[in-house]
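**Q** Dumping the structure here so I can ask a few things about it.
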Amino acid sequence: MSTERTFIAVKPDGVQRGIFPEILRRFQNKGFKLVGIKLTLANESLLREHYADLQSKPFFPSLLSYMMSGPILATVWEGKDVVKQGRALLGATNPLQSAPGTIRGDFALDMGRNIIHGSDSVENAEKEINLWFKKEELPLENFEPPTLETR
Ligand code: DAT
Ligand code: MG
């Protein structure tokens, strides 16, 4: 059985405001392993699948346009209890209720601009990873640094 994985996406404002290095650092510092990373544009059909449970909500159209307003940094992280631990690093959905020290608590103010997504269950994480990444886009999964050749 492979170690638990989660899907973490820095939303367009988190990319545009240059917060993404800090976000990567927080996951790295905690001890998680980065196994996938790409800058990507989300289209409507991908987002309708990603947020399938929210399609009937009144805020759904603005959520779609927010998520399509610029590039998204899509990442996959691996490690012990990473789904739940990742959600803890993110903080509450509404940044006004996210504790200081969490990513949303430190860098966001608006529910509609909460800068980061994280999977909420192991099952959803696997679905989201498969939705956002092709198998060949996860080469870091089996990456071992090459040993240096010496003469
Ligand atoms: P989370 O992103 O914490 O998993 P969610 O899955 O319930 O939260 O909702 C997905 C995103 O939709 C969320 O990050 C921000 C937006 N959203 C949720 N509830 C909202 C609301 N009541 N008003 C505006 N945007 C909302
Ligand atoms: Mg969610």
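**Q** Give the residue that is surrounded by the most Cβ atoms within 10 Å (Cβ to Cβ), with candidates limited to residues of segment 112-128 that are within 17 Å of Leu54 (Cα to Cα) and either aliphatic (A, V, I, L, M) or in contact with a Lys or Arg (Cβ under 6 Å, 6 or more places away or on another chain) (or both).
**A** Gly118
**Q** Among the residues of segment 60-83, is there at least one that is among the small types (Gly, Ala, Ser), out of contact with any helix residue (DSSP H, G or I) (no Cβ under 8 Å at 6 or more places or on another chain) and within 14 Å of ligand 2 (Cβ to nearest atom)?
**A** No: zero hits.
**Q** Kindly check whether there is at least one residue in segment 62-78 that is at pLDDT 95 or above, among the charged types (D, E, K, R) and over 13 Å from the mean Cα position of the chain (by Cα).
**A** No: zero hits.
**Q** Provide a single number: the residues in segment 20-43 that are touching a residue at least 40 places away in the same chain (Cβ under 8 Å), surrounded by 16 or more Cβ atoms within 10 Å (Cβ to Cβ) and under 11 Å from Leu73 (Cα atoms).
**A** Qualifying residue count, segment 20-43: 5.
**Q** To continue, here is another question. Condition first: touching a strand residue (DSSP E or B) at 6+ places or on another chain (Cβ under 8 Å) and over 15 Å from Ile19 (Cα atoms). Now tell me which residues in segment 93-121 satisfy that.
**A** Across segment 93-121, the qualifying residues are Gly118, Ser119.
**Q** Checking Ala92 against (1) within 16 Å of ligand 2 (Cβ to nearest atom); (2) farther than 16 Å from Asp13 by Cα; (3) in a helix (DSSP H, G or I), which single condition isn't satisfied?
**A** Unmet condition: (3).
**Q** When segment 109-123 is examined, which residues are found to be over 17 Å from Lys33 (Cα atoms), within 15 Å of ligand 2 (Cβ to nearest atom) and either touching a Ser or Thr at 6+ places or on another chain (Cβ under 9 Å) or outside any helix (DSSP H, G or I) (or both)?
**A** Met111, Gly112, Asn114, Ile115, Ile116, His117, Asp120, Ser121
**Q** Can you pull out every residue in segment 18-60 that is within 16 Å of ligand 1 (Cβ to nearest atom), part of a loop (DSSP other than H, G, I, E, B) and within 29 Å of Gly101 (Cβ to Cβ)?
**A** Ile19, Ala42, Tyr51, Lys57, Phe59
Residue by residue, here is whether (1) free of Cβ contacts under 8 Å to residues at least 40 places away in the same chain; (2) of a type in the set (Gly, Ala, Ser) holds:
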residue	(1), (2)
Trp77	no, no
Val82	no, no
Gly86	no, yes
Asp106	yes, no
Gly112	no, yes
Val122	no, no
Phe133	no, no
Glu137	no, no
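The values are calculated or read from the model by the stated rules, or taken from the named source; none is laboratory data. Because the structure is a prediction, the values reported are computed rather than measured. Methodologically, a virtual Cβ is constructed for each residue, glycine included, from the backbone with ideal geometry; neighbour enumeration extends over all protein chains shown.
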